[in-house]
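Okay, structure first, notes after.
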Amino acid sequence: MKHSHSLLILLLLATLSSFGQKKKVWGYIRDSISKEPIELASIMNLNKGTNSMSSTSGKFSIDITGNNLLAIASVNHYFDTLTLTNELLQQDTLFVYLKPIARNLQGVTVTAIANRYMFDSTERRRIFLQDVGANKLPTFSTANSGAGLGISIDRFSKREKQKRKAFDLFDEMEKEQYINYRFPAQLVSRYTTLRGDSLINFMQAQRPDYKWLRKHTKEEDLEYYINEQLKIYFKREGK
């Protein structure tokens, strides 16, 4: 896929109201190495502030208006961004590839959720800071190639305001990643007994807030939250 955009254009798209007719786009999230589908990746429309999640086959759909900017995050992967240009919107299906993060540190595999998040977050930040080093302005890459964070260097500008916005966007995506790690499918399924599409629908509709998760760090907090949200979910579904 070919996209041409700069950080300034993307950040304006992410902060200004979009225009145009509302429509739904469909796509698949896949691992850039194995090409396997990525389940329960979070897809955020930065223009509209809405979220979607990928199914067991990696499929997702999300409402857009105009050339919106999507940010995609998944556990164990670098996040990436995708601008829905007119060229892309003419396609029936989008394909997005995320690069996996190798979770082997000096021969010791990181398995605990907290340690895994800390390691992956540190690795994502390392790559980000490497890209924005030497006082160079970060911009988004010209294609979603599965190369990782989706940020490259524009050597023709050093404006600190745009640089600050790039850091803000990075921090926003790290919040999405934190929610993904703290609200995993295995844990939610254990407390709800939901499976398949019902599980994904529940996780998308009842996704917890980042601030709430930071304030409530114990698993029993999540158990209480899930039980309360399950009542709301079943009531809404008429079950």
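We did not get these values from a lab; they are worked out from the coordinates using the rules stated. All figures in this text were calculated on a predicted structure; none of them were measured in a lab. Don't worry about glycine lacking a Cβ; one is built from the backbone with ideal geometry, like all the others, and counts go over all protein chains shown.
So if I place +1 on the C-beta of Lys and Arg and -1 on the C-beta of Asp and Glu, and nothing else carries charge, what would the dipole magnitude of region 184-237 be about its Cα centre? I want it in debye, nearest 20. Can you show the working numbers first?
Details: 10 positive and 8 negative charges, 27 e Å.
Dipole size: approximately 140 debye.
Give me PHE167, PHE60 sorted ascending by neighbouring Cβ count inside 10 Å, so fewest comes first.
Details: PHE167 13, PHE60 24.
Final ranking by Cβ density, sparse to dense: PHE167, PHE60.
Say R0 is 30 Å: what FRET efficiency, to the nearest 0.05, do ASP168 and GLU87 get from their beta-carbon distance?
Working: r = 28 Å, r/R0 = 0.92.
Here the calculated transfer efficiency is 0.60.
For the residue pairs LYS175/LYS231; LYS22/LYS215; LYS99/LYS165, the alpha carbons lie more than 30 Å apart in LYS22/LYS215. Contact order for region 184-237, expressed relative to its length and based on alpha carbon pairs under 8 Å spaced 6+ residues apart, stands at 44 percent.
Computed from the C-beta positions of THR65 and ILE232 and an R0 of 35 Å, the FRET efficiency is 0.80 to the nearest 0.05. Enumerate the residues in region 22-57 having an amide nitrogen under 14 Å from the point lying 7 Å beyond the Cα of PHE95 toward its Cβ. Flagged as within label range: 27-38. Take 68-77, 115-124, 34-43 and order them by the average number of nearby Cβ atoms within 10 Å per residue, most first; the result is 68-77, 34-43, 115-124.
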